[in-house]
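Worksheet for the structure shown next.
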Amino acid sequence: MKKIQYHYILALFLIVSFSANAQEKISLDEDWKFHFGHAANPEKDFDYSKTALLHKSNVFATTVVNPKFVDTAWASVNVPHDWVVELPFVNSPQVEMDSHGYKPVGGMYPETSIGWYRKHFTVDKSKSSKRFELQFDGIYRNAEIWINGFYVGTNFSGYVGNSYDVTDYINFEGENVLVVRVDATQYEGWFYEGAGIYRHVWLNITDKIFIPVDGIFVHAEVKGKNAIVNIETTVQNNNLQASNGSVYSYITDRNGKVLAKTAEQKITLGVHKNTTVIQKLNLNNTRLWSLDDPYLYRVISVVKSGNQIVHQTKTRFGIKTVRFDAKKGFFLNEKHLKIQGTNNHQDHAGIGSALPDYMQYYRIKLLKEMGSNSYRASHNAPTPELLDACDSIGMLVLDEQRLLNSSPEYVDQFKRLIKRDRNHPSVFLWSIGNEEQNIQGNDYGKRIAQTLLAIQQDLDPSRTSTYAADMPNVYKGVNEVIPIRGFNYREYAVADYHRDHPNQPLLGTEMGSTVTTRGIYEKDEIRAYVPDQDITHPWWASKAETWWKLAAENDFWLGGYVWTGFDYRGEPTPYKWPNISSHFGIMDVCGFPKNIYYYYQSWWTDKDVLHISPHWNWPEKIGKPIEVWVNSNADEVELFLNGKTLGKKVMPRNSHLKWEVIYEPGTLEAIGYKKGKKITSKVETTGTAYKIILTSDKTILTADGKDATVVNISISDDKGREVPIADNMVKFYLSGDAKIIGVGNGDPSSHEPDKCKDGMWQRSAFNGKCQVIIQAGKTNGSIKLEAKANGLQSASTTITLVK
Ligand code: GAL
């Protein structure tokens, strides 16, 4: 007890003596100016490529990068910002646009593929002895960055961010002007990618002796009930003289109680040199990070110069063990765990790839409720906040490098990815690439993989890697050297591969991929819809039941990742236009479940699942047969139509039940018997659309200008039952200090705008539902969202904003 008190006091003392020198991490997300440039016409690109921008260190000519350039007429935007989501849908016979969601972006659309951003800010003179750094978490893509007319760097990657030291360029006498030219004329993927500064921007202010961004690496070895925590701290000296300093670290629990502290280790730092200190701490009675208890410790890293604390950082980390056994599967903290994963791209309805942080939590929460325990960030570095959400909620992450490429550019991207993400306990495995058909089976692929694997081991010896190969039972190229063999589809070949290579663990990196349209029960080639049941899949993929049965019933499968958790823009399959988004999701782009959701939830959770489909509104089918599906994890299910039994059936494991029912309106009810317990569920023929029901995910938002909530809209009959075919146009009116940032409805063929059009926010319901995303302002008080539709009773919801 005495010891604990001492540590508390010590922690307090450190904070007090430090505050005078505190480093700052300032958000630069707000108040940007934005204008399109032009990829083919220098005049429309603010004379870029016409004016000499590179012949002098500081650009004096009156160009867009000159701080004096007048941008007052440009649009005002905040980042995260994705300009593509605002563009119309275009179907051009000349350009293949389906994979990017039929948006006019890329080299064939020079007028909407270059974006210029400008941001003005001031820095107080009292900070002139500090070090300044700009940190961009992600820009799509090929971004050139200037500050006060000085070029500071280009980030080629559209996914992994970068930081730039700008100390020498800061103006303490007046405005600083940051300029970014974003060039989205090339794509990095074959899916919707968005464009613009779509992740956070920071200004980091530190002493000139400092811990660089990603300069901390914490990894632990579990020893029985205890753990040895290795803390690697890199310190850089940007002073003009060599300096002596010291480093120490301590671990706290999540309430800030100090649990262990290292000795203070002296360091000598040369001019513009860095050093890495490795310290070890014993942590007794370790509380392991797990899916049910995602416990996060903190490492506080302290750097002193003389007696002054000059930099202090806090890193959240978790302690876990992972073991991949080629015969018995995957073990988290020595408990067997089948990977029940989903692949996902990063876009969401209404907002494209510019997600408020809250949306990461919202989406991960939806996946977890379905029973998923792992997320594959296909096929690129995820947003940092997605990993924060996975750390906090308890979701394992397969973290993926964009290309299987060992050129200096991609090695650098891979290193940045690993150094950025290796402290996240959710990350349990790296992926060095995906479906590189030209090289995966040959010697190039093998050599590149070997190089990347060596880099991964060097930067993160606590983890290993996989690669998502679309190859059957083939042991060539990457597969010869990859520690964990990844299978994209070809589930039929997994057992043969295992027989031939019994010591290589096997993971389904892309599995299943049934295509379904939420609430649709008949194939519709005109509107480009596919039935919302586990029946249709492209030739290369399989049904949910096909792959999951194999994965569930064979221990040598580590598990796998469904392609995909959510629908995403682009890659419409099996149709193209008017389809603008994919159908692969278990949920649609809004996160509304499709019927297959209940298949996975039945077998991926212990929850009582009993779900009947389709809906029961079929006036044109009276007297005709309808195929009824029941998804459940009950042992037996009995189905009743208007009180009459249609028979009781035994539920086959990892499968579903079917009845052919002669349709008559009324109530279709299921009774499930699960380990002696009775569970019930029903679908009813509803009345006509009568009213709107609004459900906000949160009723209180932080008044920080960033927090957000999803409001789901359901069109119901007079008894409050959702009308499954309702398609009413709903108009939204918001009052108070907040804004709507996007609307969606999950219809993969909807060409309605996701943004405000002619001053009006509106969206038609698709099969009974649509969605609005609201972002908080900064004033305490309440905001009110009203939803109105012709002929329907309107609805409103009030949300409180608190600082
Ligand atoms: C895979 C690919 C994914 C996606 C998917 C569509 O081959 O890795 O990115 O394109 O097919 O089925």
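The values are calculated or read from the model by the stated rules, or taken from the named source; none is laboratory data. Quick caveat, the model's predicted, so the values are computed rather than measured. Positions of Cβ are generated from backbone atoms using ideal geometry, with glycine treated the same way; all protein chains shown enter the neighbour counts. Please note that ligands, DNA and RNA were not included when accessible areas were found on the heavy atoms of the full protein model with its side chains. Shrake-Rupley method; radii C 1.70, N 1.55, O 1.52, S 1.80 Å.
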Amide H contacts of residue 698 (H built 1.01 Å from N, under 5 Å, at least 5 apart or other chain) | 710
Cβ charges +1 (Lys, Arg) and -1 (Asp, Glu), total dipole of the stretch 31-206, debye | 480 debye
If the cut-off is 12 Å between C-alpha atoms, which aspartates and glutamates fall inside it for residue 576, apart from same-chain ones fewer than 8 positions away?
-> 96, 98, 525
Which whole-Hz ³J(HN,Hα) couplings does the stretch 102-113 yield from phi under the Karplus relation 6.51 cos²θ - 1.76 cosθ + 1.60, θ = phi - 60°, glycine and proline marked x?
-> 6, 10, x, 9, x, x, 6, 10, x, 7, 10, 10
Quick one: accessible surface of residue 164, probe radius 1.4 Å, all protein chains present, in square angstrom to the nearest 10.
-> 20 Å²
Please state the charge dipole magnitude for the stretch 531-647, taken about the Cα centre, from unit charges on C-beta atoms (+1 on K and R, -1 on D and E), reported in debye and rounded to the nearest 20.
-> 460 debye
Leaving ligands, DNA and RNA out of it, work out the accessible area of residue 779 with a 1.4 Å probe and give it in Å² to the nearest 10.
-> 80 Å²
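Expressed as a rounded percentage, what relative contact order does the stretch 338-564 have, with Cα pairs under 8 Å and six or more residues apart? List each step's numbers first, then the result.
Working: 449 pairs, mean separation 40.2, N = 227.
Once normalised by length, the contact order is 18 percent.
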What ranking, highest mean first, results for peptides 650-659, 46-55, 226-235 when packing means the other Cβ atoms within 10 Å averaged over each residue?
-> 226-235, 650-659, 46-55
Going toward the positive end of the dipole of the chain, with +1 on Lys and Arg Cβ and -1 on Asp and Glu Cβ, which of 90, 72, 276 do you reach last?
-> 276
May I ask you to evaluate 6.51 cos²θ - 1.76 cosθ + 1.60, the Karplus curve with θ = phi - 60°, for each residue of the stretch 498-511 and list the ³J(HN,Hα) values in order in whole Hz, giving x for glycine and proline?
-> 4, 4, 7, 9, x, 9, 9, x, 10, 10, x, 6, 9, 9
Full extension from residue 718 to residue 481: what is 0.36 nm times the residue separation minus their Cα-Cα distance, to one decimal in nm?
-> 79.1 nm
Tell me, what ³J(HN,Hα) does each residue in the stretch 238-255 have, in order and in whole Hz, if you take phi through Karplus 6.51 cos²θ - 1.76 cosθ + 1.60 with θ = phi - 60° and put x for Gly and Pro?
-> 9, 6, 8, 9, 5, 9, 9, x, 8, 9, 9, 9, 9, 9, 10, 7, 6, 9
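Using the per-residue mean of other Cβ atoms lying within 10 Å as a proxy for protection, in what order, highest first, do the peptides 740-747, 133-140 fall? Before the final figure, lay out the partial values.
Working: 740-747: 25.5, 133-140: 23.2.
Highest mean packing first, the order is 740-747, 133-140.
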Under 19 Å Cα to Cα from residue 476, which lysines show up? Leave out anything in the same chain fewer than 8 places away.
-> 446
Label point distance in nm, residue 608-residue 535, each placed 7 Å from Cα along Cα→Cβ | 3.1 nm
Cα to Cα, under 18 Å, and not fewer than 8 places away if on the same chain: which aspartates and glutamates meet these conditions relative to residue 130?
-> 24, 165, 168, 173, 175, 207
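So for 336, 379, what's the accessible-area order with a 1.4 Å probe, most first?
Working: 336 90, 379 0 Å².
These residues rank, largest area first, as 336, 379.
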Where Lys and Arg each count +1 and Asp and Glu each count -1, what net charge lies around residue 534 among other residues with Cβ under 14 Å from its Cβ?
-> +2
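Residue 720: net charge of surrounding residues, Cβ under 13 Å, Lys/Arg +1, Asp/Glu -1, itself excluded?
Net of charged neighbours comes to -1.
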Burial order of peptide ranges 109-117, 531-539 (average beta-carbon count within 10 Å, highest first) = 109-117, 531-539
Give 223/674; 266/320; 125/755; 338/706; 543/674 a once-over and call out the pairs whose C-alpha atoms are over 29 Å from each other.
-> 223/674; 266/320; 125/755; 338/706
Please give, to one decimal in nm, the separation of the simple spin-label points placed at residue 257 and residue 454, each 7 Å out from Cα toward the Cβ.
-> 4.7 nm
Spin-label pair residue 223/residue 264, simplified geometry with 7 Å Cα→Cβ offset, distance in nm = 2.7 nm
Of the heavy-atom accessible surface of the stretch 691-802 (probe 1.4 angstrom), what whole percent is carbon and sulfur?
-> 46 percent
Trypsin sites (Lys or Arg not before Pro) restricted to the stretch 286-385 and DSSP loop, no more than 11 other C-beta within 10 Å = 327
Which of 594/649; 365/648; 624/719 have a Cα-Cα distance over 30 Å?
-> 365/648
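Provide the net charge surrounding residue 361, with neighbours chosen by a C-beta distance below 13 Å and charges set as Lys +1, Arg +1, Asp -1, Glu -1. Let's see the in-between values first.
Working: positive: 363, 365, 368, 698, 706; negative: 357, 369, 385, 388, 391, 697, 707.
That works out to -2.
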Farthest positive-ward along the chain dipole, Cα basis, beta-carbon charges - from 319, 135, 198 | 319
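Let me spell out the model: positive unit charges on the Cβ of Lys and Arg, negative unit charges on the Cβ of Asp and Glu, origin at the Cα centre of the chain. What dipole size does that give, in debye rounded to 20?
Details: 91 positive and 91 negative charges, 525 e Å.
Magnitude of the dipole: close to 2520 debye.
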Over the chain, the sum of -39500 (n - 2.57) across DSSP H runs of at least four, divided by residue number and rounded to 500 deg cm²/dmol, gives at 222 nm -4000 deg cm²/dmol
